[in-house]
Amino acid sequence: MSGNAQKPVGSTAPTTGTIDTSNIQGDIISQIPKKAQALFFYQIKDVQGFKQALAKFIPFIATETSVAKGRNDIAQHKNSGASGLLNLKFTTVSFSSKGLVKLGVKDDINDASFTAGQLADAQSLGDKGTTQNNVFEPDWLFPFKHDIHGLFSICGPSVQIVQLELLAVLAHFHCTIREVYKVVGSVRPGAEDGHEHFGFNDGISNPALDGLSVGNPGDDTVDPGVVLLGRPGDNQPGTTTPVQRPSWAKDGTFLAFRLLNQLVPEFNNFLAANALKTSDPSVSGSDLLGARLVGRWKSGAPIMLTPTKDDPALGANTQKRNDFDYDLLSQVKCPFAAHIRKTYPRNDLGDESNDDPHRIIRRGIAFGPEVTPLEKASQKTHFDRGLLFVSLQANLQQGFQFLQKNWANNANFAFGKPQQPGIDAIIGQVVSGNDNVGVRSLSGTNPADATASLSLGTTEWIVPKGGEYFFVPSISALKGTIAA
Ligand code: N7H
């Protein structure tokens, strides 16, 4: 018996009181240290058996407190000069809307996108597919077109260790669940550690949460309710009126997962074919174009601070690499449609607090093999690789969806610029019915002629292969409602 259905909806007036970090799952406030991550998507077959197994499993779930301890242990291990990586594993759990229903949780958590699921959003996100009898079917992998109830995420120091840990978790839940899809991501080898498959340093910029985490200069601190439900800032769009949430939902967050394949040889081929002229012979024209599409050089150094040449020391400098603003009316340093400018426009929106409701915490990891010599030579992708994209936010429509639909896919955003910005060259998708139909282009890529538009061709280098929205509950919600 779930019991939760009797709990009053809307009893979570946001409070600023202390937040118990041992009640919040890991990876939300501070990032879980990881070299590899297994994501296991499943359906629940035996509800009562699952609830019993989940109740016993709660002490093994990573919390903000256990992650902080883990980070501390890792720092001590490094400082002691010891070799190798500590064998620390962190497991978190989350549920789709269908999963919560299956478990008998009947309260409306009050997020229409979560309730509908990502499959229902695929077309409006711009994912490609076919329509038959008025029903759109995205070109996703088969498992993501069917019900997914839950997700286990296991982070650890190696692929082997997370795979072994996953086996232990599955043994615990035994036949109460059925696998839908499994994928293991890992950091790329050697100097590419921390870089996604196009070669760019990733995971550099995330907002800090007021009272819970401290950001680096330029990170911007947002209200905790931008990420945690039921906390100050978890407001109805454009208002200061709190969203009504069931009390058990407090201190949980929504997780948007996207399985994003990346066509690396094709992307590199485009950069080489459209290489820009550079003033410095040591800078390659294709590297400059790549940097202008992303807004950062491969090292992570922002082009606003170093527009003509990469500066690896700046890319590694946590105190400086996020500390910049954009030139409001000029693309000379950075195109209006550069990926990081589209997804966090900073002063492009006027007061930077206007960005706050649309900030997300990103926790992705790369998956798939390195590009093979054959793929490089043929300039064609033969093996699946890409990003296991994860974003955390208290409001899916204001967070992940807003960034993808209203900003990245919208050729007119940011508004009021002297040239039409165009779409985000990295993640922008042409959506039929939008005013960007058929236009895969952006302006401002050429610093010498910011008015010129660059056609990106018809191949989108990021190919969505599936996804779902999940709710990451607090520990008390797991104990009192979900496993109860
Ligand atoms: Fe992006 N890339 O390699 O080009 N992203 N992203 N992203 N992204 C960022 O700041 C990338 C995707 C955001 O605060 C960097 O950490 C790739 C989606 C946001 O200034 C790089 C994929 C969405 C930021 C990439 C991908 C976003 C950001 C710079 C898919 C949301 C922070 C490093 C395969 C809908 C912006 C960093 C800021 C940064 C890349 C997906 C959003 C290098 C390859 C789907 C908010």
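Hey, does segment 325-337 have a residue that's part of a helix (DSSP H, G or I), touching a residue at least 24 places away in the same chain (Cβ under 8 Å) and over 25 Å from the mean Cα position of the chain (by Cα)?
Checked against the condition, which is being part of a helix (DSSP H, G or I), touching a residue at least 24 places away in the same chain (Cβ under 8 Å) and over 25 Å from the mean Cα position of the chain (by Cα), segment 325-337 yields no hits at all.
Out of the residues in segment 300-310 that are in contact with a Lys or Arg (Cβ under 9 Å, 6 or more places away or on another chain) and surrounded by fewer than 24 Cβ atoms within 10 Å (Cβ to Cβ), which is nearest to H195 (Cα to Cα)?
It comes out as D310.
Those residues that are of a type in the set (D, E) and within 20 Å of the chain's Cα centre (by Cα), I need them from segment 113-167; list them, please.
Within segment 113-167, D121, D127 qualify.
Looking only at segment 208-228, which residues are in contact with an Asp or Glu (Cβ under 7 Å, 6 or more places away or on another chain) and not in a loop (DSSP other than H, G, I, E, B)?
Matches in segment 208-228: A208, T221, V222, P224, G225, V226.
Only one residue in V222, V294 is under 19 Å from R346 (Cβ atoms) and either surrounded by fewer than 19 Cβ atoms within 10 Å (Cβ to Cβ) or in contact with a His (Cβ under 7 Å, 6 or more places away or on another chain) (or both), so which one is that?
V294
Picking from K182, K250, which residue would you name as being in contact (Cβ under 8 Å) with a residue 60 or more places away in the chain and surrounded by fewer than 19 Cβ atoms within 10 Å (Cβ to Cβ)?
Selected residue: K182, the only one of K182, K250 that is in contact (Cβ under 8 Å) with a residue 60 or more places away in the chain and surrounded by fewer than 19 Cβ atoms within 10 Å (Cβ to Cβ).
Among the residues of segment 375-390, which ones are within 16 Å of the ligand (Cβ to nearest atom) and either free of Cβ contacts under 8 Å to residues at least 60 places away in the same chain or among the acidic types (D, E) (or both)?
F383, D384
What number of residues within segment 242-260 are closer than 18 Å to N23 by Cβ and within 16 Å of the ligand (Cβ to nearest atom)?
So the answer is 3.
When you check I365 against the structure, is it within 16 Å of the ligand (Cβ to nearest atom) and not assigned by TED's automatic domain parsing to the domain that holds P335, yes or no?
Details: within 16 Å of the ligand (Cβ to nearest atom): yes; not assigned by TED's automatic domain parsing to the domain that holds P335: yes.
So I365 fits the description; yes.
Each row is one residue, and each column tells you yes or no for (1) more than 28 Å from P464 (Cβ to Cβ); (2) among the aromatic types (F, W, Y).
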residue	(1), (2)
E137	no, no
F142	no, yes
L151	no, no
S186	no, no
E192	no, no
E196	no, no
D210	yes, no
V214	yes, no
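Being within 15 Å of the ligand (Cβ to nearest atom) and within 26 Å of A477 (Cα to Cα) is the filter here; which residues of segment 214-241 pass it?
Listed by number, the residues that qualify are V222, V226, V227.
Quick one: which strands (runs of 3 or more DSSP E) lie wholly within segment 348-463 and hold at least 3 residues that are surrounded by fewer than 20 Cβ atoms within 10 Å (Cβ to Cβ)?
No strands (runs of 3 or more DSSP E) qualify here.
Which of the following residues is at negative phi and at pLDDT below 95: N322, N317, N354?
Numbers: N322 fails: at pLDDT below 95; N317 fails: at pLDDT below 95.
One residue alone meets the criteria, N354.
Which strands (runs of 3 or more DSSP E) sit wholly inside segment 106-165 and have at least 3 residues that are in the same structural domain as L255 (by TED's automatic domain parsing) and touching a Phe, Trp or Tyr at 6+ places or on another chain (Cβ under 6 Å)?
150-156
Kindly indicate whether any position in segment 437-446 is touching a helix residue (DSSP H, G or I) at 6+ places or on another chain (Cβ under 9 Å), modelled with pLDDT of 95 or more and among the hydrophobic types (A, V, I, L, M, F, W, C).
Scanning segment 437-446, I find at least one residue that is touching a helix residue (DSSP H, G or I) at 6+ places or on another chain (Cβ under 9 Å), modelled with pLDDT of 95 or more and among the hydrophobic types (A, V, I, L, M, F, W, C), so the answer is yes.
Exactly one of (1) assigned by TED's automatic domain parsing to the domain that holds Q331; (2) away from the ligand (no atom under 16 Å from the Cβ); (3) without any contact (Cβ under 8 Å) to a residue 24 or more places away in the chain is unmet by N274. Its number?
Failing condition for N274: (3).
The values are calculated or read from the model by the stated rules, or taken from the named source; none is laboratory data. Here the structure is a predicted model, which is why all the values come from computation and not from measurement. Counting neighbours? That spans all protein chains shown, and the Cβs are built from the backbone with ideal geometry, glycine included.
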